[in-house]
Ligand SMILES: [Cu+2]
């Protein structure tokens with residue numbers, strides 16, 4: 001077989017395009033790290049993951065609203081208070097869309113960004129940018145409106161919307177001094193080097209998840225369910241089978257692997273909170289992104305984490 005397995009695995013992430021921007025590399029180290037208040041008071045991941053009674057998103061946070069209409073017109077709040085804020089993203093598209101909030105380096109022009117969201121390639125600047133949020137909306141898998149709590153430093157940001165058609169990039173301003181609000185999460189996930197740190201068991205019902213990228217390269221978290229607990233080799237076998245590249249290991253059933261959404265890519269030092277609800281059962285999370293200069297998705301390097309919801 002001439003085609004490296006790793007390249008074909010990219011197609012597993014069918015929400016593509018902006019995700020593809022990140023497939024070939026990771027964020028270069030040294031991005032400015034925003035206020036870390038979303039990161040929570042401690043770095044331990046030993047929480048018991050019982051749901052809190054908190055309201056999510058907390059009332060009173062500034063709101064950054066992004067609406068993608070059925071004809072792909074996009075409306076975006078032009079200005080938002082800097083600091084901790086609610087990103088409310090909604091889409092009326094029949095297919096998926098990805099919504100990113102990112103700050104690009106000074107040497108990147110509006111035209112560069114516009115070109116990037118209309119290209120399948122990976123713009124070099126992505127890996128020097130600060131990606132503060134990445135929301136995927138996919139009919140049949142996710143709600144059509146998703147709220148996340150993120151942090152934006154004061155300054156100019158882009159809201160990029162990408163789908164199967166022409167993408168858009170809208171410049172917005174985060175104004176004033178950053179006001180940071182600590183968020184209490186039920187489930188803390190760290191994106192580490194080719195690894196997720198997270199609880200092995202999570203309570204069913206609505207839970208506030210916080211993902212934090214502790215690694216210099218980009219990661220995201222794509223979640224599937226399966227009727228049984230799987231080890232890493234079984235997960236890889238199923239994903240390869242899903243690409244028609246191999247038969248699944250004996251005893252594994254591809255049709256039983258169900259895509260359940262996940263959490264988007266964020267840059268090192270960034271954190272993003274979202275409420276998600278999973279039914280009781282067995283799940284696994286994987287990352288399809290790659291290190292700079294590599295074409296090997298992290299999932300093939302073992303960035304796989306199985307967990308149960310009970
Ligand atoms: Cu990764």
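The values are calculated or read from the model by the stated rules, or taken from the named source; none is laboratory data. Here the structure is a predicted model, which means the values were calculated and not measured. No Cβ is skipped: glycine too gets one built from the backbone with ideal geometry, and neighbour counts run over all protein chains shown.
Of all residues in region 59-73, those being closer than 23 Å to residue 153 by Cα and touching a residue at least 12 places away in the same chain (Cβ under 8 Å) number 7. When the criteria are applied in full, residue 206 fails the requirement of being out of contact with any helix residue (DSSP H, G or I) (no Cβ under 9 Å at 6 or more places or on another chain), touching a residue at least 12 places away in the same chain (Cβ under 8 Å) and closer than 24 Å to residue 79 by Cα.
For residue 272, state whether it is within 20 Å of residue 207 (Cα to Cα) and modelled with pLDDT under 95. In short, no.
Taking the criterion of being surrounded by 22 or more Cβ atoms within 10 Å (Cβ to Cβ) and assigned to a strand (DSSP E or B), the residues of region 169-186 that qualify are 169, 174. Taken over region 246-271, the residue count meeting the criterion of being under 26 Å from the mean Cα position of the chain (by Cα) and in contact (Cβ under 8 Å) with a residue 12 or more places away in the chain is 17. As a summary of the residue check, residue 240 satisfies the conditions (1) touching a residue at least 60 places away in the same chain (Cβ under 8 Å); (2) away from the ligand (no atom under 16 Å from the Cβ); (3) touching a strand residue (DSSP E or B) at 6+ places or on another chain (Cβ under 9 Å); (4) not in a strand (DSSP E or B) except for the one numbered (3).
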